[in-house]
1. For the range 106-123, which residues satisfy the criterion of being in contact with a helix residue (DSSP H, G or I) (Cβ under 7 Å, 6 or more places away or on another chain), modelled with pLDDT of 90 or more and not β-branched (V, I, T)?
2. Among the residues of the range 119-154, which ones are more than 19 Å from the chain's Cα centre (by Cα), in a loop (DSSP other than H, G, I, E, B) and not small (G, A, S)?
3. So which residues in the range 62-95 are over 16 Å from V118 (Cα atoms), surrounded by fewer than 15 Cβ atoms within 10 Å (Cβ to Cβ) and either in contact (Cβ under 8 Å) with a residue 24 or more places away in the chain or among the hydrophobic types (A, V, I, L, M, F, W, C) (or both)?
4. Which residues, taken from the range 112-153, are of a type in the set (K, R) and surrounded by fewer than 18 Cβ atoms within 10 Å (Cβ to Cβ)?
5. Among the residues of the range 65-81, is any within 21 Å of V44 (Cα to Cα), assigned to a helix (DSSP H, G or I), out of contact with any His (no Cβ under 6 Å at 6 or more places or on another chain) and at pLDDT 90 or above?
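The values are calculated or read from the model by the stated rules, or taken from the named source; none is laboratory data. Owing to the predicted nature of the structure, the values given are computational and were not obtained by experimental measurement. Cβ placement follows ideal geometry from the backbone for every residue including glycine, while neighbour counts extend to all protein chains displayed.
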Amino acid sequence: MALEHYANIAEIVGVILVVVTLVFLTLQIRQNTRALRSTTIQSVMQSELAMMSILVENAATWEKISNGSPLASGEETRRAIVLFNVYMIETESRYHQFKTGYLDAQPWEGRLGTLPDVVRMPVFELWRASPGGQSHAADFLTLLDGLARDISNE
C-alpha cells in the first residue's frame with residue numbers, strides 16, 4: 001500500500017509540473033510574440049526610412065512620378081521604374097508581414113489606403129510591364145491588379 005501511495009503522489013506532482021510547464025511556455029510564447037512584433041515594426045520603420053532616403057535622393061524623378069508629369073528620357077523612365085519598384089518592394093514586405101500575422105493591421109492598412117492613388121500613377125503601367133513589376137509574389141500582384149481594375153471600372 002505504501003508503494004501505491006507514493007505512486008499516486010508522484011502522479012499528482014507530475015501533473016502539477018506539467019501544468020506549471022505549460023503555463024510557463026504560454027508566457028514565454030506571448031513574450032516572444034510581442035518581441036517579434038516589436039522587431040517587425042522596427043524593421044518596417046527602418047525600411048520606410050531607407051525608402052524615403054532613396055526617394056529624396058531622386059526627388060525630381062519621384063516628383064514627376066507622383067504628379068504624372070511626362071518623363072524626359074529613357075534613362076529617366078528607367079530611374080522612375082526602379083524608384084517605383086523600391087516603393088513596391090517595401091509595400092510588399094508590409095503586405096506579407098501583415099498576412100503572416102507579424103505586423104499589426106495599422107501599418108498595412110495605412111499603406112493599403114494609399115495604393116489606389118499609387119496604381120493610378122502612369123508609371124504603374126510601365127512598372128507592371130517591366131521585369132521588376134513581374135518579379136513580385138503572385139498574391140501581391142493580384143492585389144495590385146485588382147485595385148487597378150477597380151479604378152479603371154470607376
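1. Across the range 106-123, the qualifying residues are W108, R111, L115, P116, R120, M121.
2. Residues satisfying the conditions are M121, N153, E154.
3. Passing the criteria: only A72.
4. R120, R149, listed by residue number.
5. Among the residues of the range 65-81, not one is within 21 Å of V44 (Cα to Cα), assigned to a helix (DSSP H, G or I), out of contact with any His (no Cβ under 6 Å at 6 or more places or on another chain) and at pLDDT 90 or above, which makes the answer no.
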